[in-house]
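Below is one structure; the comments refer to it alone.
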Amino acid sequence: MDWRAHPRLAVFAVLAVIAVVLFIFWDWNWFRPMVEARVSAAAGREVRIGHFDVDLSFTPRAVLDDVTIENPSGFGEEEPLGSIERLSVSLRAGPALRGRIVIPEIRLVKPVGNLRSNSEGVRNWDFGTSSSGEGGAMPEIGELIIEEGSVRFADPELQADFTTLIHTEEADGEAMLVATTEGTYNGAPVEARFRGGALLTLRETERPYPVHLQAKNGDTHISLEGTLVNPLEFAGAQLALELEGKSLDHLEPIILIPLVSTPPYRLEGRLDYAEGRIRFNDFSGRVGQSDLSGDFAVDPGEERPQITADLRSKRVLLADLGGFIGAAPGEVSQQPDMSEEQQAEHARSEASPRLLPDEPFEIPDIRAADFDVRYEATRIEGDNMPLDNLVTVLKIENGKVTLEPLNFGVGQGEISSNIMLDAREDPMHVTADIDFRRVDLSRVMDATGVFEGTGTIGGRAVLETRGNSIASMLGSGDGELRLFMAGGDMSALLVDLAGLDIGNSILSLLGLPDRTAIRCMVSDFKLEDGQLLTRALYVDTEKANIVGEGAIDLGEETIDYQITTEPKQPSIGAVAAPINIEGRLKDPAIGPDAEALAARAGTATILGVLLTPLAALLPTIQLGLGEDNECVESVNRMERESEALPRNGTDEPAEN
């Protein structure tokens, strides 16, 4: 046959031969360099493909074997960012010809990820933001199947190194996601198990996405179960959250919100997301031996998180609030399951010669978030602070803290205060204004477990200072303290010991007599650079007039004080000597001043020294105790007695 006479047949024959040759020798790996280049450009790092193949059909399938994704520059010759033993992607040909990308299945076999940060804090998984500006419809993906996947995460700054095993399980016709994690996070062991819906249903908003999470990091346990209607936006959440651990501040590395140290806790409530805030609503549980309930919300904010909360307690143990003021939370004897660090802090506090808490406030934590928290406790219990209830509003804005108000109920009375701490300065600037109105002394004395007494207390305390702990604040502060008591009685032991009435003191220890009536107590102190100076201290009892003078150094925590007692009736065994109180506040030495015995002043001197400052305090006394009280009558009585005393040629009364 002459092929020149049949050119079309010749062309067909040549094409047929070429087709046979291509069929015999065709290798899709010829396109592998082009695919690697395209994928590497999109990923911003080198991507290598060991083998590339395509199965042609009405639903063609591309298969990539031994895929390796290298790290960006700056990570040396370490393990690559990721690898996949086999990646297969199928495509429906018909819709593709009409411009629709429909991918029935993506299957990953043994995908491995290695997520790390280098010494400069650069993350190897940070792919940046695409700037191509290319649009187009998103592909429709039917199913994502993962077989034997694993991801390792390591970050020295977070003290984290853990591995998550990932795979999908067929359930109800879908590939449900299952993940388990083991390793360390924040320097503590971490383990978690997650089971959720199919990965690709995360984009759907018509049906709830199931979530089941159990996690443990150190002593912190987290349980989260429920559904999300719009998972990618964390919206439409119906999630039950349970939290349990040794201290709330152990949650900080997990939730990235600064919290204070507390005794062991357990809380449960509803977690959702609305109006740009993550909300933990209707939660309830216990912190230490105290109950706690309410609502808690977090707005991530542009500069720092914004936290709002409305918290309530029916019964709160005062020791459980210790972490809020820098003290060790709780008592070791009451909290046998406290963490080792909390027990060590408590032991250090007990062994310290200092009385005032010197644990610094966490200033960086105070500045790390803004807070607007209202807290109300119906009943407060404590070994040494018999408060009935508490109402406060705590606000923190860019490191400035206000407690306005901070109010406590004590019996029929109230302690009202406004506190400000400005952590933008170092040391912190602090102001406090505390008002005492008709505080029931019996509640205060009964709480000591040693003394008993009744009466009503009023007064005011004002403080301005700088410091990063309670000890440093009081040790350098300025202000004043005025306290008054009217009527009632207090343990006879106190008055008898002050007068060294030895015989009566022994009887008092035996409970006979058990009370000594007090008409009035007036105290007025000035705080100057940490020195608490006495302007007036006077106690009018049925047995004696008592006067105090001296100073307390709150910086050094030392006291140099003298109490002088003038018995109103002689007592067998009484030693009429002043009492010196000297030494450290935590363990002062108390004893008689024998040298001052002969020089003791009498009633006239006591009245002359005290009358002027006491009379000036009358308006404040009436404000704190009420218009009609024993203190007002006692001061007026002193004035009458002073006027009746003989004079020594001056305005001062003559000594007895």
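The values are calculated or read from the model by the stated rules, or taken from the named source; none is laboratory data. All of these numbers come straight from a predicted model, not from anything done at the bench. With ideal geometry, Cβ positions are generated from the backbone for all residues, glycine too; neighbour counts draw on all protein chains shown.
Sub-6 Å Cβ pairs linking a first residue in the stretch 293-309 that is touching a residue at least 40 places away in the same chain (Cβ under 8 Å) and crowded, with 19+ Cβ neighbours inside 10 Å to a second residue that is in a strand (DSSP E or B) and aromatic (F, W, Y), at least 6 apart or interchain, are I307/F371, ordered by first then second residue.
Evaluation of E303 against the conditions (1) under 26 Å from F361 (Cα atoms); (2) in a strand (DSSP E or B); (3) not β-branched (V, I, T) shows that the sole unmet condition is (2). Which ones in the stretch 59-91 are in contact with a strand residue (DSSP E or B) (Cβ under 8 Å, 6 or more places away or on another chain) and among the hydroxyl-bearing types (S, T, Y)? Residues satisfying the conditions are T59, T68, S83, S88, S90.
For the stretch 79-89, a residue qualifies if it is of a type in the set (S, T, Y) and either more than 17 Å from N124 (Cα to Cα) or in contact (Cβ under 8 Å) with a residue 40 or more places away in the chain (or both), and exactly one does: S88. Of everything in the stretch 466-478 that is polar (S, T, N, Q) and modelled with pLDDT of 90 or more, the residue that is nearest to the chain's Cα centre (by Cα) is S472.
On the stretch given as the stretch 79-131, residues that are in a loop (DSSP other than H, G, I, E, B) and acidic (D, E) total 3.
The set of residues in the stretch 398-423 that are farther than 20 Å from G458 by Cα and surrounded by 15 or more Cβ atoms within 10 Å (Cβ to Cβ) comprises G399, K400, V401, T402, L403, M420, L421, D422, A423. Checking L421, L406, L481, L463 one by one, the residue that is modelled with pLDDT of 90 or more, hydrophobic (A, V, I, L, M, F, W, C) and within 30 Å of G301 (Cβ to Cβ) is L406 and no other. Which one is nearest to R123 (Cα to Cα), of the residues in the stretch 24-42 that are in a helix (DSSP H, G or I) and either hydroxyl-bearing (S, T, Y) or at pLDDT below 80 (or both)? The selected residue is S40. Residues that are in a loop (DSSP other than H, G, I, E, B) and over 12 Å from the mean Cα position of the chain (by Cα) were ranked within the stretch 241-271; the one that is surrounded by the most Cβ atoms within 10 Å (Cβ to Cβ) is P264. Within the stretch 580-592, the presence of at least one residue that is crowded, with 19+ Cβ neighbours inside 10 Å, at pLDDT 75 or above, assigned to a strand (DSSP E or B) and on the phi < 0 side of the Ramachandran plot is confirmed.
For the stretch 246-262, state whether one or more residues are over 24 Å from G399 (Cβ atoms), in contact with a strand residue (DSSP E or B) (Cβ under 7 Å, 6 or more places away or on another chain) and of a type outside the set (V, I, T). No, the stretch 246-262 contains no residue that is over 24 Å from G399 (Cβ atoms), in contact with a strand residue (DSSP E or B) (Cβ under 7 Å, 6 or more places away or on another chain) and of a type outside the set (V, I, T). So which of P427, P360 ends up being within 21 Å of the chain's Cα centre (by Cα), at pLDDT 85 or above and not basic (K, R)? Just one listed residue meets the conditions, P427. In the set G455, G399, G382, G411, only one residue is modelled with pLDDT under 85, small (G, A, S) and within 16 Å of the chain's Cα centre (by Cα); that residue is G399.
Within the stretch 57-78, the only residue that satisfies the criterion of being touching a Gly at 6+ places or on another chain (Cβ under 6 Å) and either assigned to a loop (DSSP other than H, G, I, E, B) or in contact (Cβ under 8 Å) with a residue 24 or more places away in the chain (or both) is I69.
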